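Contents: one structure, followed by commentary.
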Amino acid sequence: MGPQKEASGLREAGGVFGDSRGELLGSYAKHMGSYTLVKTDLKVILWGLRLARERGLQKLYVNLDSLVIVGFLQGIYQTPLEHFSLIQQCTNLLSYLGW
């Protein structure tokens, strides 16, 4: 689930964890505040990576629908300064955990 904007201007977002057979292992969702769409996406990805680490997941496949975020995470696009810390935290988690 990607970020959704409510009528109030606040965003809600979340995601799911599943195994290789498509079995649901867990999900997460919460109100994210009034961030931009990109910042909300990055915060949700980071939150999901941290939850996966806490749950001890050994392998992780991250499915994103934003080519911009994928480009930031893969180093294809230059990360804007306002998103640098979030991108760095995500990539550090991904590389540290071997995902």
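The values are calculated or read from the model by the stated rules, or taken from the named source; none is laboratory data. All figures in this text were calculated on a predicted structure; none of them were measured in a lab. Here the Cβ positions follow ideal geometry from the backbone for every residue, glycine too, while neighbour counts run over all protein chains shown.
I'm checking my understanding of the structure. Among residues of the stretch 55-71 that are at pLDDT 90 or above and farther than 12 Å from LYS39 by Cα, which one is surrounded by the fewest Cβ atoms within 10 Å (Cβ to Cβ)?
Step one: list which residues in the stretch 55-71 are at pLDDT 90 or above, which gives 67-71.
Okay, now just the ones that are also farther than 12 Å from LYS39 by Cα, so 67, 70-71.
Working: LEU67: 10, VAL70: 13, GLY71: 13.
The extreme case among them is LEU67.
Within the stretch 66-88, the only residue that satisfies the criterion of being farther than 18 Å from GLY14 by Cα, within 13 Å of the chain's Cα centre (by Cα) and of a type in the set (S, T, N, Q) is GLN88. The set of residues in the stretch 38-65 that are polar (S, T, N, Q), part of a loop (DSSP other than H, G, I, E, B) and closer than 13 Å to GLY15 by Cβ contains only ASN63.
Within the stretch 28-37, being loosely packed, with under 14 Cβ neighbours inside 10 Å and in a loop (DSSP other than H, G, I, E, B) holds for SER34, THR36. Pairing each residue of the stretch 1-27 that is surrounded by 16 or more Cβ atoms within 10 Å (Cβ to Cβ) with any residue that is of a type in the set (Gly, Ala, Ser) and at pLDDT below 70, provided the two are 6+ apart or on different chains, yields C-beta distances under 8 Å for ALA13/GLY2.
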